[in-house]
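Report on one structure; see the data block that follows.
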Amino acid sequence: MRSLRESCIRHGLLTSASISILTSFGILFILIKESLPFFEDVSPWEFLTGTNWAPLMVPRDYGVIPLVVGTLLVTGVAALIVIPVGSLAAMYLSEYASSRARRILKPTLEVLAGIPTVVYGYFAITVVTPALRAVIPGVEVFNALSAGIVVAVMIIPTVASLSDDAMRSVPNALREAAFGLGATQKEVTVGVVYPGAISGVMAAYVLAIGRALGETMIVTMAAGSTPLLTLNPLDSVQTMTGYIVQVSLGDTPAGTPGYMSIFAVGLLLFVITLSLNLFRIWIQRRYVRYDT
Amino acid sequence: MKNPVIPRTVLEARNLSIHYGDSAAVSGVSLKIPEREVLAIIGPSGCGKSTLLRSFNRMNDFIDSCRFEGELLFEGVNIYGPNIDPVELRQRIGMVFQRPNPFPKSIRANITWAPRMAGYLGDYDELVERTLREAALWDESKDKLDKSALSLSGGQQQRLCIARSLAMSPEVLLMDEPCSALDPIATGKIEELIRGLREQYTVVIVTHNLQQAGRISDRTAFMYQGDLIEIDQTDRLFTQPAKKKTEDYITGRFG
Ligand SMILES: Nc1ncnc2c1ncn2[C@@H]1O[C@H](COP(=O)(O)OP(=O)(O)OP(=O)(O)O)[C@@H](O)[C@H]1O
Ligand SMILES: [Mg+2]
């Protein structure tokens, strides 16, 4: 009787695990299958190295670099904000906050992390963009900076919360060792706790970057839809996700290379995100971990 | 033979009481620790040895529920008084813990980290070699200073932790059962090391091992349920204790 129940539980768990793995493979399979016809028309080389993206115009041009650069520009702006702010917030939460402050702040962060992205999108176009345009000359109505800032605001709670978990898993014995040597709170936090938590903290950063790369709603609303090759965050850009949305919602007939191109772009995004996750696994293996 | 010089008192507790919340862990302890003494603190588990030891460099500050009464003088100054910087205090009173707790950094970095923070101006290679020699770890580690400290054995890690404390040139070294996680050979090395430290440092060591207290200490303090029952020359305390409780404890009649 017991063994029957145990085996049901085991198989149930195995099935759930398999479903998520099979889904991932299914997505990959569809992306490859659907982008094959596209790559019959456009060589992968041309796609990956071309610097002009004009899939819906004549003559058509399928150089994906402007979309990749647009994505990286938004992600870069977001990362430049998320990494320092998220780390400082985590250091505060883990090492400085009183247990009462923690009890209030930690759940608040988790609530913030659950706000729908469309809300952040509105926040970008109604608050952040006008504010930027009032302060910095030359900011376009749609721009990478505003999108990047708001993507950062969206991700900070997650990074802070995950890094806080990582820092709190650093054994207290290490803090005691450092304090016992006459280190200050700041020295203990920066010199012992943060490096001691580095694998978890790096994993949080990589996760954040992955979310920024794949973020869709905010960038579609705030970054624009002009796939120009630019490194200036004040310009309007288009991201890979933004392009996929534009075509999916537009009137490009299915089956045309213009339509098929979204699968190629999606495949590229999938590959980038996958490499990022492999990198994260590599980092986590590389550094010490503590059992708690 | 009489000692011509009266040794200077380094640490002095005056009617010290420490509570965790409502329960007393140390009650009304008074004692004086002269310079370059090795003082052993013994007593049954839970009698307040660690609590007392940790109060000497204010490591109890981190425990919210911990309350402190009385006076604790270091070099004549009350360390719980106003204008005392606990960070500076801990640079002068170092601590070695029960379980080896090296930083997950290289052996070298374990030693240089705190001096660097404190702005040590001397030669760091010299500092590493000197403290590792003092801690009897130099020969075993000189070829792998840049390897992770976690690659050392438990006994070696504990000696590294001692070397790390010595690198701050403390005046007093507090040790809380430094050998309890170690085998007899590693323990022997650390005992030898403590005997050597007496030349330069004042050492207060908590131990459960009465033979160990006998081997390494000048004086021994016996605590029981938060009280300091007796403190005396080690040989005298073990051969002719003044209090019945002490006698019961060292003859193994309880605890
Ligand atoms: N952080 C703490 N919070 C509350 N009570 C504590 C705390 N640390 C110790 N105590 C209590 O204070 C008393 C003394 O503890 P302490 O650790 O000083 O004993 P000890 O003599 O070092 O024991 P052992 O030999 O087992 O290490 C014990 O009753 C213990 O339960
Ligand atoms: Mg103890």
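Summary of values
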item: Segment B:49-71, residues that are in contact with a Leu (Cβ under 9 Å, 6 or more places away or on another chain), closer than 20 Å to B:F97 by Cβ and either more than 16 Å from ligand 2 (Cβ to nearest atom) or of a type outside the set (S, T, Y) (or both); result: B:L52, B:L53, B:R54, B:F56, B:N57, B:R58, B:M59
item: Filtered residues of segment B:67-80 (kept if at negative phi, open to solvent by 30 Å² or more (accessible area, probe 1.4 Å) and not hydroxyl-bearing (S, T, Y)); result: B:R67, B:F68, B:E69, B:E71, B:V77, B:N78
item: So B:I107, is it of a type outside the set (K, R), touching a helix residue (DSSP H, G or I) at 6+ places or on another chain (Cβ under 8 Å) and within 16 Å of ligand 1 (Cβ to nearest atom); result: no
item: Number of positions in segment B:1-21 that are open to solvent by 10 Å² or more (accessible area, probe 1.4 Å) and more than 10 Å from ligand 1 (Cβ to nearest atom); result: 13
item: Test: B:P104 is away from ligand 2 (no atom under 16 Å from the Cβ), of a type outside the set (D, E, K, R) and away from chain A (no Cβ under 14 Å); result: no
item: Residue within segment B:38-54 that is open to solvent by 10 Å² or more (accessible area, probe 1.4 Å), under 26 Å from B:C179 (Cβ atoms) and more than 9 Å from ligand 1 (Cβ to nearest atom) present; result: no
item: In segment B:34-48, residue nearest to B:Q225 (Cα to Cα) [restricted to those that are within 13 Å of ligand 2 (Cβ to nearest atom) and under 13 Å from the mean Cα position of the chain (by Cα)]; result: B:I42
item: Residue, farthest from the other protein chains (Cβ to nearest Cβ), within segment A:143-190, restricted to residues that are within 30 Å of B:L89 (Cα to Cα) and among the β-branched types (V, I, T); result: A:T189
item: Residue list for segment A:133-156, filter: free of Cβ contacts under 8 Å to residues at least 24 places away in the same chain, assigned to a helix (DSSP H, G or I) and more than 13 Å from A:S236 (Cβ to Cβ); result: A:A134, A:V135
item: Within segment B:100-178, helices (runs of 4 or more DSSP H) holding 3 or more residues that are open to solvent by less than 10 Å² (accessible area, probe 1.4 Å); result: B:107-117, B:124-134, B:154-166
item: Some residue of segment A:246-264 being assigned to a helix (DSSP H, G or I) and under 29 Å from A:I136 (Cβ atoms); result: yes
item: Enumerated strands (runs of 3 or more DSSP E) restricted to segment B:21-97, each holding at least 3 residues that are under 16 Å from B:Y224 (Cβ atoms), touching a Lys or Arg at 6+ places or on another chain (Cβ under 8 Å) and away from chain A (no Cβ under 12 Å); result: B:38-42
item: Single unsatisfied condition, B:I6 versus (1) assigned to a loop (DSSP other than H, G, I, E, B); (2) within 14 Å of chain A (Cβ to nearest Cβ); (3) of a type outside the set (S, T, Y); result: (2)
item: Considering residues of segment A:105-128 that are without any contact (Cβ under 8 Å) to a residue 60 or more places away in the chain and among the aliphatic types (A, V, I, L, M) only, the residue most open to solvent (accessible area, probe 1.4 Å); result: A:V111
item: Any hit, segment A:3-26, residues being surrounded by 12 or more Cβ atoms within 10 Å (Cβ to Cβ) and among the β-branched types (V, I, T); result: no
item: Some residue of segment A:38-51 being open to solvent by 80 Å² or more (accessible area, probe 1.4 Å), among the small types (G, A, S), on the phi < 0 side of the Ramachandran plot and without any contact (Cβ under 8 Å) to a residue 12 or more places away in the chain; result: no
item: Selection status of B:M223, touching a strand residue (DSSP E or B) at 6+ places or on another chain (Cβ under 8 Å), closer than 22 Å to B:L152 by Cβ and either assigned to a helix (DSSP H, G or I) or not acidic (D, E) (or both); result: no
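Residue-wise test of (1) more than 16 Å from ligand 2 (Cβ to nearest atom); (2) surrounded by fewer than 17 Cβ atoms within 10 Å (Cβ to Cβ); (3) within 14 Å of chain A (Cβ to nearest Cβ); (4) free of Cβ contacts under 8 Å to residues at least 12 places away in the same chain.
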{"residue": "B:L193", "(1), (2), (3), (4)": "yes, no, no, no"}
{"residue": "B:R198", "(1), (2), (3), (4)": "yes, yes, no, no"}
{"residue": "B:H208", "(1), (2), (3), (4)": "no, yes, no, no"}
{"residue": "B:A213", "(1), (2), (3), (4)": "no, no, no, no"}
{"residue": "B:I216", "(1), (2), (3), (4)": "yes, no, no, no"}
{"residue": "B:Y224", "(1), (2), (3), (4)": "no, no, no, no"}
{"residue": "B:Q240", "(1), (2), (3), (4)": "yes, yes, no, yes"}
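The values are calculated or read from the model by the stated rules, or taken from the named source; none is laboratory data. Bear in mind that the values here come from a model prediction, so they are computed numbers and not experimental data. Positions of Cβ are backbone-derived with ideal geometry, glycine not excepted, and every protein chain shown enters the neighbour counts. Ligands, DNA and RNA are stripped out before the accessible areas are found, and what is left, the full protein with its side chains, is counted by its heavy atoms. Shrake-Rupley method; radii C 1.70, N 1.55, O 1.52, S 1.80 Å.
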